[in-house]
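Asker: This is the structure I want to talk about, given as C-alpha cells.
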Ligand SMILES: Nc1ncnc2c1ncn2[C@@H]1O[C@H](COP(=O)(O)OP(=O)(O)OP(=O)(O)O)[C@@H](O)[C@H]1O
Ligand SMILES: Nc1ncnc2c1ncn2[C@@H]1O[C@H](COP(=O)(O)OP(=O)(O)OP(=O)(O)O)[C@@H](O)[C@H]1O
Ligand SMILES: [Mg+2]
Ligand SMILES: [Mg+2]
C-alpha cells in the first residue's frame, strides 16, 4: 500500500455563524473525501486566534508530515510568512478566502469576493432607494475584510444621494447586532433600510425592528446565505428582499481541488474566485441547503 | 487588592460615604445621555437598556455572592451558552411529544434551571471538595461549556422551533403593567439578593467566609456548604438569565454569552464589592451593571469620532466611575 | 482563594511536597505527547513549542510579580497589541530616514520597550497613586489599548514593511547554538525572574506586600514603589515579548494578543503562585506556561473526535494538572 | 537611673481623636535611658494608642513628640525605627506567608544585590538561641502558634538596634518560662542604656520590672510613681478607680456527674493518648509549656483538627468531626488566636458577636433588633468599651477584643466551654469579672476547661489541673495538691514521682 498523502487543513474556529458553516462544510468534505480516496488523510485544526493558527501550521509541518496545506488565514498579514515557509518546505499550499499579503505564494487560491460582497449589496441599495433615503449599517469585527466590504458598499452607493446615518460594529454577532439596532431605532426617527452585512446580524436586527414595531418602515439586507434567511427570501418576506452570497461551502471547493492534486495526474493551479451573487426570491431555491447548520 | 490598607491612619474601607460613588457615576451617565440625545430618556430606550441589562444583571447578582465569599466564576458566559443550547435542543426534542404550548415552555424552563444547577454544582464541588482554586476550576469549565455548546450546535447555531418561539417570545418582549418581564425578574432577583446579603444568615456567612474563612470555620459556619451554595446559586441565576435570554433571539451558538463573565465581574467590582471577598453590595452590583449597559447605549446614541475608539471610551469611563467612588471615600 | 485554609489541620499551602505538582503534570503531558506521536520529541517540535511559549512566558513571569504582590493585570494582551502597533508604525515611519538596517530594528526595539514602560507605568500609577483596584484599572486600560491599536490600524492590520521584516525575521526564527532566540531570551527572563523572586529584596518585598501590605509598610518597605515597579516590570516584559513577537508575524491588529492575559494569569496560578498574593513561584509559572502550550500541541498531534471539543479537553487537562498538585499536597 | 537624665523620648500634651471621639486627652509622658517605664491602665485606656504615637505609626491630633529634646521628625513607623524607636505591637506585625527569618529581616535584608540567605539565617538562629527558643528560622509564620509568633516579634525587635524599645503587652501570650527569657533580655537592654516602655496587665511583672509607672485612665494620666511607691493593689486601684477585692472566686465543691469523658485521644502529630474526665460544675485547668499541645488537644476535641479516640458525652459515645457537631453536643471553644481565628477584624461588633449563633437571630430574616439587644447585653456583661457600636472590631483595644470574643463564645450557651487563654490582655478589673463569670458557669452546672499560661489564674480558678508535656498528659492535680511548685514540676518534667497525682479519673 502506498504512503498516504496527508492534507493539513487550518481554519478559524466556529465563533460566528459564517465560520460555523465553514467548519461544518470542512468536516463534511473531509469525511467524504476520506471515504472516496482511501490514500488521502486529513489533519484539521481550528484556531481562535492568529498566534494559535501559526502554531497549528508549525505543528502540522513538524509532527504530522503533511504534504499539502489548506489554509483560511485568520488574518492575512501575520499568516503570510508562516505559509510562505510551508511553501518553501516544498508543500502544496491552498489559500482560502483571505489572500496572503504577498502574491505568488500559494499554488491554489479559492476565495469569495469581499469587494463584490459589498458592491452587490450597495448596488441593490442604489437601485431600490430614492435619493435622500436614510440607511444604517452594521459592521463586523474590525478587520481588513470588513473594511473592504464597507468601502465597496460605500463606493457602490456613491452619488445615489443615499445617506448612511450610522455605521457601528455589530461584531457579526446576533446579540450585539440586536442592541446596536435597538439603539439605532431609538436614535433615528426614520430609517429606510439596513445593511446588516451578515445574516447572523440580520437576525438580531430583524428582532429589534419587530420589537419596535417598525417592520413596515424598512427592509434589511444581510449577507452570506444562511438557510433561515434564504428560506425567508424564498417565501417573499417583504422585510428581507434579497441576500448576498458569501458561501461557507467555498472551503469544500478548495479541499476538493486540492485533493485532485494527490489522486489524479492533473494538478489544478490557479485562482478560483467565487463571486458574490444576489439571492432573490426567484433564484433562492438554488442556495437553500436545509441540512447545513448554517 | 491595593486598598487603603497601606495608609493605616485612613482607616479601613467601610460602607460609609463612599457607598454613593457608583450611584453618582450612574447619575452622571444618565445626565450625559439625556444631554447627548433627546430619545435617551424615552420609555423605549429606557426599556431597551434595562431589559438588556437583565441577563448580565441576574448573573452579576449571583456573582456578588461568589466574590463576597472569596470565590470567582469565569465560566458564567459559557455556562449561559451551554444552558441555552441544551434548553433549546430539549424543547425541540420534546416538541413532537408535548406539542406547542405552555407546558413545553415550562419544561424548557425547568431544564434550564436544572442544567444551571448542575453546572453550578460542578464548579462548587470542584472548588470545595477538590480544593482547587476557583480561578482554575472555572477557567476549565469555561472551556468545557463553550466547547460543548459548539459541539452540540455542530459549529453553527441551535435554533428554537419557530412555532415554539412565537409562543415564547413574550417572555422577553412583553411584560406586566408596561414593564418588560426581564426587567421585572431582574428587579426581583436584585431585591431578593440585596435582602439575602443584608438580612439572612447566608449573606452574613458569605461575608464572614470572604473576610476570614478560618474565623468562620471556628465560628461553626459550614464553610464548605456556603461556598458550594454560592456557586449553585450562581448556576441557578445563570439558568434564570438564560430563560429570559432564549425568547429574545431564539437561538444559541458557540458565541452566545462571550465575555459575559468579564462584564459580570466588572459590574460587581464597580459596584463596590471587594474582589478579595469579605464585603458584598448587591445594589452596588445593580448600579455597576447599569453603568456598563449605559456606556454602550450612550456610545451608540452619540456620534463619536470613530467607532474604533468605543472601547477606549468605555475603559476611561469605567476607571472614572471608580475614581469617583474612591474620591468620595477619601473625602 | 478557596485554599486549604478551611481545613486547619491540612496545614497551609507550603512549597514542600506539593511544589512538584505542576512539574509532574508537565512530565505526564510530555509522556502522553511522545506516546501519541513519534515526532513529538523531535528537535523541530520541541523548538516550536518552546519558542511559541516564549511570549506568554515572558509576560507570565512579569505577571508572577504583580500577582505575588497582590495585584492583577488584565491589560497585557491588549498592551502587547498596542506596543506591536506603535512599534511597527514607528519603524515604517523611520524607514525612509534610517533605511533598512540593524539600527532601524534597534530603534524599533527601544520604542517597544519605551511604550511598554509607559503602559506599565500608567497601570501602576493608577493602582498606587489613584488607589483604584487593579482589576478595574487594567480592565479599563485593556479596553483602551485594544481600541487604540484598532484605531491606529483603521480597523485593519498594521504591517511591517516587507524588506524590514526579512531583516528582522531571524530574531524569531534563528538562534544561538541551535537554540532559537525566543527560547534563549525566555530562559534568561525566567532565570532572572526566579533569582529576583528568591534572592533579591524586590522579590522578598513583593511577597511581603502580597502577604500583608501593612506589615511591609511598617517594616520600611516602600510599598507603593514596589507595587509600581511590578507593573512597570510587567510592561517592560510585555515590550520584550512584543520584540520577539513582531518578527514572527510582522503585523499587528485589533485581534493581536487576545486572551493573552487569561493565559498568562492561568499559567501563574497553575504554577502554584497564590492568586491572592503573598507567595510567588517563577519556575512554577514557567512550568504553567509550558503545560498550556503543550496542551495545544498535543491536541494537534492527535485526531480528536471533533475539533469543537478541543476547548473541553483543554479545560479538563488544566483542572487535572492542578488537581494533581493538590493531590500531592494533601498527601 | 537618676532623675537627672534628660528624657530620650517624650510626649507633651498629646491628644488623639478618631473621628469625633477623643481617645487621649493631653498626655505628658517621658522615657529615660536605662529605665523601664511601665504604662498601665484598663482596657481601652489608650496605652496602645500612646505607643503607636511614640512609634510613629499614627500622628497625634495635637501635642508634640520629642526625641532627645527636639521635635521628632519621623512620620512613619519605618522612619521612627531608623531613628532608633522600635515597637513590639500588641497585634502581630508579621507577614503570615513569610518565614521567621524573612520577617525578622524584612526591610533591612542583608546582602548587596543578592540576599545573603546564610547570614540572615544565622543571624535569626542566633537571636532565637538568645531567646532560648526552638523555633525554626525557616518556619512560616502562618504555621506558628501565637506564642511562637510573639517570640518572633520579640526577636525582630531585638534585632533592630533600638535606643527606645516599646513593648505592648509582650508577655500576654507567653508562658512563664518565656516571660523569664524576655525579662533577661529587658534587663540586658536596660543595662545597655536603652529606654524601655512596657505594658502588661500582669501587675506582678510591672512591680518586678518597672523603674517608673504611669497609670492611665480614660486617656488621661492619673498617677505617676517610682519603683516601690505603688503596690499591686495600689496600681489596680489607681487604674480602676475603686478598690478591688480578691479577684478569684471561692472554690466550688460537689462537682456533679461526668459530663465529658475522653479516652485514648490522639491529635496527630503532637497529642498522644490523652484521657481525662470532666464533671458538671467543674473548672478544669490545663497547664503546660508553649507547644505542649494544649491548643491542639482542645481543637481536636471540638473537631477543628483530625483526631481519633473516644469521646463520651454524659456517658454516650459521640463522634465530633466539625465545630458544628461539637456545638450540637453543647461544646464550645474559645481560640487563643483572636486575630486569625477568633474575630473578623473588618466587621463590626454585632456581626462578630452573633456569627456562631446566627440561627438564633431569626429565620429566614435576621432580626437586627435582636442582634442589637444581644450586643447591648454583651457590652454590659463583659464591660466591652468601644467608642462606637459600629466600630470595626480591628479598631477595638486588644482587651476589648478579647472580651468580645468571650461574649461571642458564651453566647451559644454551651454546657462545656473550653477557653484557651481566657484573660489574655484583659485588665485586672475585668479579669475578676471574667473569673466570676466562669465561676457562675460552673455553679450553673456547666463544665469549663481553662487552658492558661497564667499560673495564678490556673491556681486560682481550677478545681483540678491537668498538666501537659510534649503532647501527653504529664499529670493531674486536685484540691490541696494544686500548688505552684507541683504544677511547675509537672510542667518542667522534674516531678520525681507522679504516682498518686497522675491517676486518671
Ligand atoms: N482606628 C480607630 N478608630 C476608632 N477608635 C479607635 C481606633 N483605634 C483605637 N481606637 C479606640 O481607642 C481606644 C484606646 O485604644 P487602645 O488600643 O489604645 O487601648 P489600650 O489601652 O491599649 O487597651 P488594651 O489594654 O485593651 O490593649 C479604644 O476605645 C479603641 O477602641
Ligand atoms: N512535635 C511537633 N510536631 C509538629 N508540630 C509541633 C510539634 N511540636 C510543636 N508543634 C507545633 O506547635 C503547636 C503546638 O502548640 P499548641 O498551640 O498546641 O500548644 P499549647 O500548649 O497550646 O501552647 P500555647 O501556649 O502556645 O497555647 C502546634 O501548632 C504545632 O504546629
Ligand atoms: Mg492595647
Ligand atoms: Mg495554645
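Asker: When each copy gets a label point 7 Å from Cα toward the beta-carbon at residue C:161, what are the spacings between them in nm, shortest first?
Answerer: List, nearest first: 6.5 nm.
Asker: Shifting gears a bit: Describe numerically, in nm with one decimal, the distance between label points set 7 Å from Cα along Cα→Cβ at residue A:273 and at residue D:363.
Answerer: Reported label-point gap for residue A:273 and residue D:363 is 7.6 nm.
Asker: Still on this model: Once you put a point 7 Å from the Cα of residue C:202 and another 7 Å from the Cα of residue D:444, both along the Cβ direction, what distance in nm separates them?
Answerer: According to this spin-label approximation, the distance is 6.0 nm.
Asker: Using all Cα-Cα distances in segment D:9-240, what percent lands in each 5 angstrom bin from 0 up to the longest?
Answerer: Percent of Cα pairs in each bin: 1, 7, 14, 18, 19, 17, 12, 7, 4, 1, 0, 0.
Asker: Please report Rg (one decimal) and Dmax (integer) in Å for the Cα set of segment A:81-202.
Answerer: 17.9, 60
Asker: At a 10 Å Cβ-Cβ cut-off, how would you order C:69, D:275, D:136, fewest neighbours first?
Answerer: The most exposed by this proxy come first: D:275, D:136, C:69.
Asker: Please give the FRET efficiency for residue B:95 paired with residue A:235, using the beta carbon to beta carbon distance and R0 = 22 Å, rounded to the nearest 0.05.
Answerer: E(calc), rounded to 0.05, equals 0.55.
Asker: If you bin the C-alpha pair distances of segment A:54-124 every 5 Å from 0, what whole percents do you get?
Answerer: All Cα pairs, binned at 5 Å, distribute as 4, 17, 26, 21, 13, 7, 5, 4, 2, 1 percent.
Asker: Using Cα centres only, tell me the gap between segment A:101-162 and segment C:47-94 in whole Å.
Answerer: 35 Å
Asker: When the chain is fully extended, how far beyond the present Cα-Cα distance does residue D:25 get from residue D:125, taking 0.36 nm per residue of separation?
Answerer: Result: 31.7 nm gained on full extension.
Asker: Grab the beta carbon distance between residue A:4 and residue C:154, set R0 = 45 Å, and tell me the FRET efficiency rounded to 0.05.
Answerer: With a Förster radius of 45 Å, E is 0.50.
Asker: Helix D:398-410 sits at what angle to the longest principal axis of chain D, using alpha carbons and giving 0 to 90 degrees rounded to 10?
Answerer: 10 degrees
Asker: Take every DSSP beta bridge whose two residues both sit in the protein assembly as shown, then give the antiparallel share in percent to the nearest 5.
Answerer: 45 percent
Asker: How big is D, in µm² s⁻¹, for segment C:104-151 by Stokes-Einstein at 25 °C and 0.890 mPa s if Rh is the Kirkwood radius over C-alpha pairs?
Answerer: Using the Kirkwood radius from Cα pairs, D works out to 209 µm²/s.
Asker: Another question, if that's okay. Between residue A:154 and residue D:220, with labels modelled 7 Å along Cα→Cβ, what's the label distance in nm to one decimal, could you check?
Answerer: 8.0 nm
Asker: Calculate the FRET efficiency for residue D:380 and residue B:192 from the Cβ-Cβ distance with a Förster distance of 41 Å, rounded to the nearest 0.05.
Answerer: Computed FRET efficiency for residue D:380 and residue B:192: 0.70.
Asker: What's the average, rounded to a whole number, of partner chain beta-carbon atoms within 10 Å of each residue's beta-carbon in A:18-25?
Answerer: Mean partner-chain Cβ count within 10 Å for A:18-25: 4.
Asker: Using the count of nearby Cβ atoms within 10 Å as a rough guide to exposure, how do D:117, D:254 rank from fewest to most?
Answerer: Ascending Cβ contact count within 10 Å gives the list D:254, D:117.
Asker: For segment D:89-149, what does the equivalent ellipsoid look like in terms of its semi-axes, each the square root of 5 times an eigenvalue of the Cα gyration tensor, given largest first in whole Å?
Answerer: 19, 14, 10
Asker: Distances from residue B:179 to the same residue in each other copy, label points 7 Å out along Cα→Cβ, in nm, shortest first?
Answerer: Here the equivalent label points are 6.6 nm apart from this one.
Asker: With contacts defined as alpha carbon pairs under 8 Å and 6 or more residues apart, what's the relative contact order of segment C:149-229 in percent?
Answerer: About 12 percent, as a whole number.
Asker: How big is the C-alpha Rg of the protein assembly as shown next to the rule-of-thumb value 2.2 N^0.38 Å, as a ratio?
Answerer: 1.02
Asker: Here is a further query. What is segment D:9-240's relative contact order, in percent, from Cα pairs under 8 angstrom and six or more apart in sequence?
Answerer: Result for segment D:9-240 is 30 percent.
Asker: Okay, next question. More than 24 Å apart: what percent of Cα pairs in segment A:16-146 qualify?
Answerer: Everything past 24 Å amounts to 40 percent.
Asker: What is the average number of partner chain Cβ atoms found within 10 Å of a Cβ in A:71-83?
Answerer: 5
Asker: How many partner chain Cβ atoms sit within 10 Å of a residue's Cβ in peptide C:36-44, on average, as a whole number?
Answerer: Average neighbour count from other chains, rounded to a whole number: 3.
Asker: Could you grab the relative contact order for segment B:14-330? Cα pairs under 8 Å, six or more apart, rounded to a whole percent.
Answerer: 37 percent
Asker: For n ≥ 4 DSSP H runs only, could you compute -39500 (n - 2.57) per run for chain D, divide by its residues and tell me the 222 nm figure to the nearest 500?
Answerer: Helices in chain D give a 222 nm mean residue ellipticity of -9000 deg cm²/dmol.
Asker: Name the chain C residue nearest the rotation axis between C and B, going by Cβ position, and give the distance in whole Å.
Answerer: Axis-proximal residue of C, distance in whole Å: C:276, 3.
Asker: Taking a temperature of 4 °C and a viscosity of 1.567 mPa s, what whole-number D in µm²/s does Stokes-Einstein yield for segment A:219-294 with Rh from Kirkwood over alpha carbon pairs?
Answerer: Translational diffusion coefficient: 94 µm²/s.
Asker: Additional query: Give the span of segment B:14-330's Cα atoms along each principal axis, as three whole-Å numbers ordered largest to smallest.
Answerer: Cα extents, longest axis first: 62, 55, 38 Å.
Asker: By how many degrees, 0 to 90 and rounded to 10, does the Cα axis of helix A:174-187 deviate from the longest principal axis of chain A?
Answerer: Roughly 20 degrees, rounded to the nearest 10.
Asker: Using alpha carbon centroids, what distance separates segment D:303-351 and segment D:60-116, in Å?
Answerer: Between the Cα centre of segment D:303-351 and that of segment D:60-116, the gap is 37 Å.
Asker: How would you rank D:323, B:61, going from fewest to most other Cβ atoms within 10 Å of each one's own Cβ?
Answerer: Exposure proxy ranking, most exposed first: D:323, B:61.
Asker: Tell me, what is a quarter of the convex hull surface for the C-alpha atoms of segment B:183-331, in nm² with one decimal?
Answerer: Average of the hull's projected areas for segment B:183-331 equals 11.6 nm².
Asker: When each pair of different Cα atoms in segment D:222-333 is counted once in the 1/r mean, what is the Kirkwood radius in angstroms, to one decimal?
Answerer: Result for segment D:222-333, one decimal place: 17.1 Å.
Asker: Now a separate question. Cα atoms only, chain A: Rg and Dmax in Å?
Answerer: Calculated on Cα positions, Rg and Dmax stand at 20.3, 71 Å.
Asker: Ok, one more. On a 0 to 90 degree scale, rounded to 10, what angle separates helix A:50-63 from the longest Cα axis of chain A?
Answerer: Approximately 20 degrees, to the nearest 10.
Asker: In 10 Å bins starting at 0, how do the alpha-carbon pair distances of chain D split up by percent?
Answerer: Spelled out bin by bin, chain D gives 4, 18, 29, 27, 16, 6, 1, 0 percent.
Asker: For segment B:56-151, what does the alpha-carbon gyration tensor say about shape, rounded, prolate or oblate, given a ≥ b ≥ c as the root eigenvalues, a/c under 1.5 as rounded, and a/b over b/c as prolate?
Answerer: prolate
Asker: Then there is this: Segment D:219-243 to segment A:50-67: how many Å between their Cα centroids?
Answerer: About 84 Å separates the Cα centre of segment D:219-243 from the one of segment A:50-67.
Asker: Using the scaling law 2.2 N^0.38 Å as the reference, what is the normalised Cα Rg of segment B:119-191?
Answerer: Its radius of gyration relative to the 2.2 N^0.38 Å reference: 1.59.
Here, each number is a calculation from the coordinates, and none is a lab measurement. Remember, it's a predicted structure, so these values are computed and weren't measured experimentally. All Cβ positions, even for glycine, are placed from backbone atoms using ideal geometry, and neighbour counts span all protein chains on display.
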